[in-house]
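See below for the structure under consideration.
Derivation of every value follows stated rules applied to the coordinates shown; laboratory data play no part. Nothing here was measured: the structure is a model prediction, and the numbers come from that model. All Cβ positions, even for glycine, are placed from backbone atoms using ideal geometry, and neighbour counts span all protein chains on display.
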């Protein structure tokens, strides 16, 4: 018996190690490949200014992100990779959080939840963008663990760090607080031993407060070097309150669609687990149900919502789904082989259905007749439904139930993983990722190479040529300009401009006193979500393609920068 327990524990450690490696790899691979959006660049520029000892034109309340990224920028070079490193590391640590709640959740449930956090598209997207989403989630869960464990020193430290999470803290803390209040009034916390926790806090509140203030004073200012974290702490709450008067334009439908497309397993099985509470309530599942409900309501009501806010909804839903899946993934009954075989059959027919759906909505489809695909889809689904009924009625409900559940789960996992890679920006068409904050910066690398080639040709340096941007004073452009030694910004175009290279947002009204050559670039792109048809929504859900809105910029280079310009200027028409 001792050897069996020892082997099980070692195997569990190996699984958590693999989850950690997979989660870290997916968050660090090509982390700096995509350009920073305006929202990301606004944060990175403030950290860049703090690291350089200069003032920044931007203010962000994400104190935790700023003080840590400023330290990285001060020690290392300023890059997209380092600008996103802290969210990526925080997102990796979140994958191990279920291990801390193993006693409450159960060993199998904790493993399933950790696996989901490592591979889920929403969590990958948050981990691979500059911001405080993963910071806020990590330390909120850490506070919950420390409080439930009566570790008041750790609870104080984590609470201090949590308050440095900016706006995102309040998006998660307020729905959680409401859920705790409702559950406490309804069930009085008998199952969670709330009275014991409250009594312990009353006896240790001074210790908790001391360590919380100490963490804010020391860690919140990077050991008293950067007091920015202190001001950002209050700025997070102020920015959150302002969000109630500043709509973001993200629709409720977009929130629900992102959950269904990128988080189908946690959404579907979490919803099923929530509905089960109507028939038979279980304390933990009921609390997670209440939490997810108020998190979703807050997401709907908050005008400044963004798609990444679904993380606060998917967190309790993932716990519910993991609890349900741990009971469904059972292989210790007599008819498991038959159920497994039937699950493979169901999976084959579901894959056949998916193939026909992909053919039906393929962007390159030229056939007008859709009848063959529709008949094939309906026939495959009808076979699955009839087979479930017949096997359950004439043979075994266990074989039918487990078989169809396992087949459906594997099919959903394949769809889920494809969405996760897209949400992480590792697949094609990253511009159609709904979790990305702001417009996608499309051809920054091409623009940089073009300016670099002209600069190297004329001044033997890829960043030495003088560049002027007209009417493009945006965070993403300022981040782009940081590598150039002579890059200036102007508000309006003047015909007497003599700069070697001029960047404008439009070609209209651009008349130079000398000869210039022009080239357009796709600078900002984003899907036209509001104007998409039903067919385009299906194509996006399957192939991640969508009609795009483009914001162009134009590069104007002086004629004299190009080889042979002296000869060509002498040629008479």
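Cα atoms only: what Rg and Dmax, in Å, come out for the chain?
My reading of the Cα-based Rg and Dmax gives 27.5, 96 Å.
Going highest first, how would you order 477-485, 15-23 by mean Cβ packing within 10 Å?
Highest mean packing first, the order is 477-485, 15-23.
At 7 Å along the Cα-to-beta-carbon direction for both residue 545 and residue 448, put a label point, then send me their distance in nm to one decimal.
The answer from the label model is 2.8 nm.
Under a crude label model (7 Å from the Cα following the beta-carbon direction), how far is residue 560 from residue 202 in nanometres?
So the two model labels end up 8.3 nm from each other.
Below 8 Å between Cα atoms, with a sequence gap of 6+, how large is the relative contact order for segment 285-358 in percent?
Working: 25 pairs, mean separation 22.1, N = 74.
Value for segment 285-358: 30 percent.
Could you compute the FRET efficiency for residue 344 and residue 370, with r as their C-beta to C-beta distance and R0 at 22 Å, rounded to 0.05?
On the way: r = 29 Å, r/R0 = 1.32.
The computed FRET efficiency comes out at 0.15.
Just to confirm the number: angle between the C-alpha axis of helix 283-301 and the first principal axis of the chain, 0 to 90 degrees, nearest 10?
30 degrees
Just check segment 336-432 against the gyration tensor rule for me: Cα atoms, a ≥ b ≥ c as the square roots of the eigenvalues, rounded for a/c under 1.5, and otherwise prolate or oblate depending on whether a/b exceeds b/c.
The shape class here is oblate.
What does DSSP give for the chain in terms of the percent of beta bridges that are antiparallel, rounded to the nearest 5?
Within the chain, antiparallel bridges account for around 70 percent of the total.
May I ask you to derive the FRET efficiency for residue 418 and residue 489 from their Cβ-Cβ distance with R0 = 35 Å, giving the value to the nearest 0.05?
0.30
Report the gain in length on full extension from residue 238 to residue 14: 0.36 nm times residue separation, minus Cα-Cα distance, nm rounded to one decimal.
76.2 nm
Using only Cα atoms, find the angle between the long axis of helix 336-360 and the longest principal axis of the chain, and express it within 0 to 90 degrees, rounded to the nearest 10.
For helix 336-360, the angle is close to 30 degrees.
Roughly speaking, what is the centre-to-centre gap between segment 419-450 and segment 279-325 when only Cα atoms are used, to the nearest Å?
A separation of 29 Å, based on Cα centres.
Just want to confirm a number: the relative contact order over the chain, from Cα pairs under 8 angstrom separated by 6+ residues, in percent.
Worked out over the chain, it gives 14 percent.
May I ask for the angle, rounded to the nearest 10°, between helix 264-279 and the longest principal axis of the chain, with both axes built from Cα atoms and the value confined to 0 to 90°?
Once rounded, the angle reads 40 degrees.
Which FRET efficiency, nearest 0.05, do residue 498 and residue 429 yield, Cβ-Cβ r, R0 41 Å?
Efficiency for this residue pair is about 0.50.
Just rank 75, 451, 225, fewest to most, by other beta-carbon atoms within 10 angstrom.
With the fewest neighbours first, 75, 451, 225 line up as 75, 225, 451.
Return the distance in nm (one decimal) between the two label points of a simple spin-label model at residue 213 and residue 252, each offset 7 Å from Cα along Cα→Cβ.
Taking the two extended label points, one gets 4.4 nm.
Quick one: check the C-alpha center-to-center distance for segment 29-68 versus segment 490-509, whole angstrom.
About 28 Å separates the Cα centre of segment 29-68 from the one of segment 490-509.
Among 418, 77, which comes first, second and so on when ranked by fewest other beta-carbon atoms within 10 Å? Display every interim value, and only then the final one.
Values: 418 16, 77 8.
If I rank by nearby Cβ atoms, fewest first, I get 77, 418.
Mind ranking 247-253, 304-310, 540-546 by how tightly packed they are, going by the mean number of other C-beta atoms within 10 angstrom, highest first?
So the order, starting with the most tightly packed, is 304-310, 540-546, 247-253.
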